[in-house]
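The values are calculated or read from the model by the stated rules, or taken from the named source; none is laboratory data. Please read all numbers here as calculations on a predicted model, not as lab measurements. Here the Cβ positions follow ideal geometry from the backbone for every residue, glycine too, while neighbour counts run over all protein chains shown. SASA here: full protein model, heavy atoms, side chains in, ligands and nucleic acids out. Shrake-Rupley method; radii C 1.70, N 1.55, O 1.52, S 1.80 Å.
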Amino acid sequence: MTIEKEPVLDDVLLKPLVEDALAEDLGRRGDVTSQATIPADIQAQLQIKARQSGVICGMDLARLSFALVDASIEFVAQVQDGETVAAGAVLATVKGNARHLLTAERTALNFMTHLSGIATATRQIVDSVAQYPAQITCTRKTIPGLRIVQKYAVRCGGGRNHRLGLDDAILIKDNHIAIAGDIKTAIEQAQHFAGHLIPIEVEVDTLEQLEQALEAGVSLVLLDNMSPETLSQAVAMCKGRAKTEASGGITPETVRAAASTGVDFIAMGYLTHSTTALDIGLDFSA
């Protein structure tokens, strides 16, 4: 399948993340190993290489990692975020002061390996359900401070983003319903609060709750922890009345069963909290 490339995130959004990561790594005395072993004026050229095949993400974060340590470092990218590469592919070449290259190395690779792992897993899952109409979405189960780039990685892999934050939309969940008293009351209060600009989604655990939500006029329902059989019944109930989203511990092993029920969306916290990093390294070349 063809996956459209997402526009890159602006440097103004990425720079604070890289600055924090570098400050954490440099500590109080900087890179004492490079200072101790490499003369101050030595120049070097290194290559960022993929040691596994996968979908690449985090190129701009890597570029900024080197640039913020030393603005004179030359960073030449060979691929763009969202591209699939083979093991051994050169992703970028970096050239400049050897000490500074090694100082930035781990920060650059940490971003790239983590985000490329998310993008790769997302692409695999999207491809696995391509025969079904369901779209794969991520959740708010992200590492604090890294949500914007983790969700960007999901988009690079062909997935979609659920809420970026609590202010994006109203999602009425079980605790909201319990405290409000019942589904009807929670929905009515949300509809009064939202006006016409804030979307409303309601989480339901049973078909009885689903019918109550549909009678209250919701247009999007989150079908939580339902078996494929129950999901199929829920989709049939919602046809022509509301969009459906399956959620609740869905993994690469169970996603096809969920998709086969005809749901419109499948929310997977797995994408941002349980994927494996893609192996990427920085190798000396000259």
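Length gain on complete extension for the stretch HIS192 to ASP20, per 0.36 nm per residue less the alpha carbon to alpha carbon distance?
Result for the pair: 57.8 nm of gain on full extension.
Given Cα pairs under 8 Å that are at least 6 residues apart, what percent is the relative contact order of the chain?
Rounded, it is 22 percent for the chain.
Which shape class, rounded, prolate or oblate, goes with the stretch 174-255 when its Cα gyration tensor gives a ≥ b ≥ c as root eigenvalues, a/c under 1.5 marks rounded, and past that a/b bigger than b/c marks prolate?
prolate
When a/c is below 1.5 the answer is rounded, else prolate if a/b is larger than b/c, else oblate, so apply that to the stretch 1-134 with a ≥ b ≥ c taken from the square roots of the Cα gyration tensor eigenvalues.
Prolate, since a/c reaches 1.5 and a/b exceeds b/c.
Near LYS151, which lysines are there with a Cα under 26 Å away, not counting those fewer than 8 places off in the same chain?
By straight Cα distance, LYS151 reaches LYS5, LYS15, LYS49, LYS141, LYS173, LYS243.
Can you give the FRET efficiency for ASP168 and GLN233, using 1/(1 + (r/R0)^6), R0 = 25 Å, r = Cβ-Cβ distance, to the nearest 0.05?
0.30
May I ask you to compute the full-extension gain from ALA36 to ALA178, defined as 0.36 nm times their residue separation minus their alpha-carbon distance, rounded to one decimal in nm?
45.0 nm
Quick check: with the 1.4 Å probe, what order do TYR152, TYR132 take by accessible area, largest first?
Sorted descending by solvent-accessible area, the residues read TYR132, TYR152.
Assign unit charges at the C-beta atoms only (+1 for Lys and Arg, -1 for Asp and Glu), then state the dipole size of the chain relative to its Cα centre in Debye, rounded to the nearest 20.
480 debye
In what order, largest first, do GLU245, GLU83, GLU208 sit by accessible area if the probe radius is 1.4 Å?
Final ranking, largest accessible area leading: GLU208, GLU83, GLU245.
If packing is taken as the average count of other Cβ atoms within 10 Å, what order do 121-130, 193-202 fall into, highest mean first?
Descending packing order for the listed peptides: 121-130, 193-202.
Would you kindly find the accessible area of LEU102, with a 1.4 Å probe and non-protein molecules such as ligands, DNA and RNA excluded, rounding to the nearest 10 Å²?
Solvent-accessible area, nearest 10 Å²: 60 Å².
Give, rounded to the nearest 20 debye, the magnitude of the charge dipole that the stretch 1-116 has about its Cα centre when Lys and Arg contribute +1 at Cβ and Asp and Glu contribute -1 at Cβ.
In total the dipole reaches around 420 debye.
Compare the Cα positions of GLN150, GLN35, LEU109 along the charge dipole of the chain (+1 at Cβ of Lys, Arg; -1 at Cβ of Asp, Glu; about the Cα centre) and return the one farthest towards the positive end.
Toward the positive end, the furthest listed residue is GLN35.
Roughly to the nearest percent, how much of the accessible area of the stretch 128-286 is carbon and sulfur, given a 1.4 Å probe? Kindly include the intermediate steps, with their values, before the conclusion.
Details: 4200 of 7870 Å².
Summing carbon and sulfur atoms, their accessible area is 53 percent of the total for the stretch 128-286.
Decide, for the stretch 4-51, between rounded, prolate and oblate: order the square roots of the alpha carbon gyration tensor eigenvalues as a ≥ b ≥ c, take rounded if a/c falls under 1.5, and otherwise choose prolate if a/b is larger than b/c, else oblate.
Oblate is the answer for the stretch 4-51, as a/c is 1.5 or above yet b/c matches or exceeds a/b.
Given charges of +1 on the Cβ of Lys and Arg and -1 on the Cβ of Asp and Glu, with all other atoms neutral, how large is the dipole of the stretch 85-212 about its Cα centre, in debye to the nearest 20?
1040 debye
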